[in-house]
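Asks: Encoded as C-alpha cells, here's the structure I'll be asking about.
Please treat every number below as a calculation from the coordinates, not as lab data. No experiment lies behind these values; they were computed from the predicted model shown. Note that each Cβ is placed from the backbone with ideal geometry, even for glycine, and that neighbours are counted across all protein chains shown.
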Amino acid sequence: MKKQALTDRRKFILNMARGVGLATIGGFVWSAFIDEATASQLTLRPPGAIKEEDFLKTCIKCGLCVEACPYDTLMLASPGENKPLGTPFFVPRETPCYMCPDIPCVPVCPTGALDESSVTTKEVLDINSADMGLAVIDHDSCIAFWGIQCDACYRACPILGEAISIEYQKNERTGKHAFMKPVVHADACTGCGMCEHACVTEKAAIQILPRALAQGKAGDYYIKGWDKEDEKRLVNAHEIKSTTEISKQKPTDKLNGDLLEDLYE
Amino acid sequence: MKTLWNSYRYLILRRVTQIGLLILYFGANAWGWTLIKGNLSSSLILGIVPMSDPYAVLQMVAAGATLATDILIGALVATLFYFLIGGRAFCSWVCPINLVTDFAAFVRELIGMNKLTGVKQPASRKLRYWVLVLSLVISAIMGVTAFEFISPISMVHRGIVFGIGFGWAAVLIIFLFDLFVLKHGWCGHICPLGGFYSLLGKFSLIRVTHLEENCTLCMKCKVVCPENQVLHMIGKESLPVLSGECTNCARCIEVCDDDALEFSIKSMAQKKEMGE
C-alpha cells in the first residue's frame, strides 16, 4: 500500500475520535470509582443533614461543621476510611453528638447540605428534632435482656424516657426477678449515639444506624385503620387496575372449570 | 544588582503564601483561629466573607444540587478574586499540589529525566479541558460532584487541615507521575481545576508582559516556565501573555537578566501594544 500523508481534515477527525475514545475509557473508570466510593450506607451524618443522595451532591467538603463542633465529634472522611471522601461523619462509640442546644455545626454550612430548617421548631433551633440515625438494640448481647440490671443507655439518653424507655417483664428463669429491658422509640430518637457511647458491653449492644438502613417500610397497601393520622394516607390513594390473561376470566371459571375436570380425568 | 532575592523573590513569596495559608487553615481547625476557616473547597474569611471553589460549585450545579445563597456568593467572590489577580494564580500561589509538582519538576531536571524522555511529550495540554468537560458530564449523570471525590488537591488540603489518612498516597502518585511519566503532567496536562482557571484567566487583569527590545534570546524563561507554550512571543514581539494557561508564577520574570519580562495590568499592556 502506498504511504500517504494525512490530510488536515483526517487528522482532525482522528484526533477528535481519539479524544472521545479516551474520554469514554476515562469516563467509565471514573464513574465506576465514584459509584463505589459513594456507596457506603453506614455513614452517620451531622444533625440537619439532608437526604444522603442529595447530601453527596450538595456537601462541598469544607469542614466548617467539623470546626464548629465543640466536642470534636465530627470528622471529615479521609482516604482509607471507606466513607464518601471528604464528607463529615461521626462515630458515636468514639464520640457521640452531645446535642448542643445552639447546634453550632448547622448554621455554618454554606451549601445547605446541613439544613437549618430541618432542626428548627417554631423558628427556634431545636436539637431534639434532629434525625441523625436510629438506635437499634441487639437483644442477644444486651445484658439487660439477660436479666442483669443495666440501664446505662436509658440514663445516657438526652431525651430521657422518651427515646428510650424501660419495659418491665417477669424473669421466668429465676421466678423472682424482673427484666428491665430498654426499648427505643423511633419517633423520638435523634440518633445522637450517647446510648451507644455509654453501653457497657465489649461491643455496643445498642448501636446507631442510619434510618434508611435500620427501618423498613410498610408501603401503601397497609394502613392503620385505627389511626386518624395514618388514615390520611388514603386521601390521595387511587385504584390500580392490573389485568393479566388469568384475571380476564371469572375466578369461578378457573376454580371449577378445566382444572377440576382435569383432576377427574 | 543580581542577588539571591532578586532571582527568587517571587518563588519565595509564593512558598510563603502557600505554606502560610496552610498554616492559617490548620490553625483554624486546631486552635480556633478565625482569620480563614474551612479549606480550599469553601472558606470563611474573618467569619464574614465566604469564598468557594467555583469549579466545585459548577459540579454541584451539574449534579443537580439545590444551592444555598452563601455558596453562590462564595463562588462569586472567588471568581472575581481570580479574575483580578490572574485565573491560575490559584495554581502557583495557593494550591498545595504545586509544591509537589514543582519539586517533581526540579528533581526531574536534576536527575536528567528530561534527557531520557526527550523533548516530545506524549500527551496534549488540551487534555485538561477534556477532563473538565468529562467531570461535568459524570457529575450530571451520577448526581455527585465527580472531581471532588477524586481531587488530590482537596484531598491533600483537607488532609493537612483535618487529618490525611491514606491521602499521602495521592501526593506520591502525582509526584511519581510528574517525575517519571509526564513532565508537568498533573498541573500542566490533566488537572481540570487548572483547566477551569485557565478559562477564567483568559479575562484576568494581571499579566506578564514581554518587552522584546530588552530580550537577548537566552531562553531562560522558556526553560523555567511550567506552561512554556504561553511564552510563544519571546524574542519576537512585545506582547502580554494573553493565554489563560499562564499561572502568574513569575518565575520567568525573576530568571530574566535583561528586564525583558514584567507584570502589568492587562488594559495598559494592550494599550501599549496598540500605541506601537
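Asks: Mind checking the dipole of the protein assembly as shown: about its Cα centre, +1 per Lys or Arg Cβ, -1 per Asp or Glu Cβ, Debye to the nearest 20?
Replies: I would put it at about 2420 debye.
Asks: Beyond 15 Å, what share of the Cα-Cα pairs of region B:205-275 remains, rounded to the nearest whole percent?
Replies: 45
Asks: For region A:133-212, what's the relative contact order in percent, using C-alpha pairs closer than 8 Å and at least 6 residues apart?
Replies: 43
Asks: Of the options B:Asn6, B:Leu205, B:Ser124, report the single residue whose Cα projects farthest towards the positive end of the charge dipole of the protein assembly as shown (beta-carbon charges: Lys, Arg +1; Asp, Glu -1).
Replies: Final value for the positive-end residue is B:Asn6.
Asks: If you don't mind, there's one more thing I want to ask. In the P(r) worked out for region B:52-199, what percent of Cα pairs fall beyond 20 Å?
Replies: That fraction is 53 percent.
Asks: How would you rank B:Arg108, A:Arg45, going from fewest to most other Cβ atoms within 10 Å of each one's own Cβ?
Replies: Neighbour counts put them in this order, fewest first: B:Arg108, A:Arg45.
Asks: Just grab the label-to-label distance for B:Ile150 and B:Phe106, each label 7 Å out from Cα along the Cβ direction, in nm (one decimal).
Replies: Label at B:Ile150, label at B:Phe106, 2.9 nm between them.
Asks: Follow-up. How much length is gained if the chain between A:Thr24 and A:Glu94 is pulled fully straight, taking 0.36 nm per residue apart and subtracting their Cα-Cα distance, in nm to one decimal?
Replies: That pair, A:Thr24 and A:Glu94, stretches by 20.9 nm at full extension.
Asks: Grab every C-alpha pair in region A:133-212, bin the distances at 10 angstrom width from 0 up to the longest one, and report whole percents.
Replies: 21, 52, 23, 4, 0
Asks: Also: As a quick test, which of the pairs A:Lys51/A:Lys203; A:Lys57/A:Lys83; A:Lys11/B:Lys202 have an alpha carbon distance above 18 angstrom in this structure?
Replies: Distance filter (> 18 Å) returns A:Lys51/A:Lys203; A:Lys11/B:Lys202.
Asks: Let me ask something additional. Find the eigenvalues of the gyration tensor of the Cα atoms of chain B, then list the square roots of 5 times those eigenvalues as equivalent ellipsoid semi-axes, largest first, in whole angstrom.
Replies: 31, 22, 20
Asks: Would you mind calculating the relative contact order of chain B from Cα pairs under 8 angstrom and at least 6 residues apart, reporting the percent as a whole number?
Replies: 22
Asks: Rg/Rh for chain A: what does it come to with C-alpha atoms and Rh from Kirkwood?
Replies: 1.20
Asks: Region A:42-131: percent of C-alpha pairs farther apart than 23 Å?
Replies: So the pairs more than 23 Å apart make up 15 percent of the total in region A:42-131.
Asks: Right, here's the next one. Report, in deg cm²/dmol and to the nearest 500, the calculated mean residue ellipticity at 222 nm for the protein assembly as shown, where each DSSP H run with n ≥ 4 adds -39500 (n - 2.57) and the sum is divided by the residue count.
Replies: Calculated mean residue ellipticity at 222 nm is -12000 deg cm²/dmol.
Asks: For a footprinting-style exposure proxy, rank B:His232, B:His184, B:His157, A:His139 by other Cβ within 10 Å, fewest first.
Replies: Going from sparsest to densest Cβ surroundings: A:His139, B:His232, B:His184, B:His157.
Asks: From Cα pairs below 8 angstrom and at least 6 apart in sequence, can you work out the relative contact order of chain A, rounded to a whole percent?
Replies: Relative contact order comes out at 16 percent.
Asks: Using only alpha carbons, build the gyration tensor for the protein assembly as shown and give me the equivalent ellipsoid semi-axes, biggest first, whole Å.
Replies: 57, 32, 21
Asks: At R0 = 35 Å, how high is the FRET efficiency between B:Ile23 and B:Asp259 if r is their beta carbon distance? Nearest 0.05 is fine.
Replies: 0.55
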